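Student: Here it is: the structure, laid out below.
The values are calculated or read from the model by the stated rules, or taken from the named source; none is laboratory data. The structure presented is a predicted model; accordingly, all values stated were derived computationally and were not measured. Cβ: placed from backbone, ideal geometry, glycine included. Neighbour counts: every protein chain shown.
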Amino acid sequence: MDCWNIGLLDRWSAGEALYVYKVKLLMNRRSMLKLLLALAAAVFMYAGCVRNEKEPKMTHDATATGDSSRSIQKLEKSRDEWRRLLAPQEYAVLFEEDTEYPRSSPLNHEKREGTYICAACYLPLFSSHAKFESGTGWPSFFQPLAGHIGTTTDYKLLMPRTEYHCIRCGGHQGHVFDDGPEPTGQRYCNNGVALKFVPEGETLPHLRN
């Protein structure tokens, strides 16, 4: 075999090796993508299961630890109904779990005594006595009114977080963290747009039906 043929075979061998390498690389990338998609689907399904499993318990807890004179009945409305009733930013936070920009809410600077109610259904959620300055840029409380909120596990940032919402309408309020002041040591970090403030002495609005 002459040198030309040997060189040609070498070039074919090198080209064939490069082709095999590219095919394997592509297959590895596809396998990795499939793995990532499978993991994402598993996390999404698990998060949905956690929420579904916890909702009956939250309703029971609201009845057991809330106002003993009456149970809190869930308010069932379609997303279209809420979209018509609420301002766009309110709807985005309460029912699409959006987050408002820090330091954007007037409630950050609210110092008066009163009650903070759900902006969707008007259920009282926090007393002003539980409000404190967290320095985060969002209204913060160390304790909600007993039995008036529910919680789920949130995996939106991959790491688990405790999401909380109005027990009556399910409207998203924020997340709770274990870095708050005494006596609870908790920080309920709330979207201001998800709340309305009723000063002490003013009549609370009737619950929205």
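Student: Scanning the stretch 175-204 for residues that are surrounded by 15 or more Cβ atoms within 10 Å (Cβ to Cβ) and among the β-branched types (Val, Ile, Thr), which turns out nearest to Ser105 (Cα to Cα)?
Tutor: Of everything passing the filter in the stretch 175-204, Val193 is nearest to Ser105 (Cα to Cα).
Student: Report the residue count in the stretch 78-102 for those that are part of a loop (DSSP other than H, G, I, E, B), over 23 Å from Val198 (Cβ atoms) and out of contact with any strand residue (DSSP E or B) (no Cβ under 9 Å at 6 or more places or on another chain).
Tutor: 3
Student: Can you run down the residue pairs with Cβ atoms below 7 Å, 6 or more apart or on separate chains, where the first is in the stretch 181-200 and under 19 Å from Thr136 (Cα atoms) and among the aliphatic types (A, V, I, L, M) and the partner is in a loop (DSSP other than H, G, I, E, B) and at pLDDT 95 or above?
Tutor: If the second residue must be in a loop (DSSP other than H, G, I, E, B) and at pLDDT 95 or above, the pairs left are Val193/Glu100; Val193/Ser105; Val193/Ala119; Ala194/Ala119; Ala194/Gly171; Leu195/Ala119; Leu195/Pro139.
Student: Any idea which residue in the stretch 103-115 is nearest to Lys196 (Cα to Cα), counting only those that are within 22 Å of the chain's Cα centre (by Cα) and in a helix (DSSP H, G or I)?
Tutor: The extreme case among them is Leu107.
Student: Going through the stretch 111-167 one residue at a time, which ones are more than 23 Å from Gln89 (Cα to Cα) and in contact with a His (Cβ under 8 Å, 6 or more places away or on another chain)?
Tutor: Glu113
Student: Could you check the stretch 116-137 and list, in sequence order, the residues that are closer than 28 Å to Glu76 by Cα and in a loop (DSSP other than H, G, I, E, B)?
Tutor: Answer for the stretch 116-137, where residues must be closer than 28 Å to Glu76 by Cα and in a loop (DSSP other than H, G, I, E, B): Ala119, Ala120, Cys121, Tyr122, Leu123.
To keep it simple, each residue is scored yes or no on (1) closer than 15 Å to Gly174 by Cβ; (2) surrounded by 19 or more Cβ atoms within 10 Å (Cβ to Cβ); (3) in contact (Cβ under 8 Å) with a residue 24 or more places away in the chain.
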{"site": "Pro88", "(1), (2), (3)": "no, no, no"}
{"site": "Ser104", "(1), (2), (3)": "yes, no, yes"}
{"site": "Asn108", "(1), (2), (3)": "yes, no, yes"}
{"site": "Ala119", "(1), (2), (3)": "yes, yes, yes"}
{"site": "Thr153", "(1), (2), (3)": "yes, no, yes"}
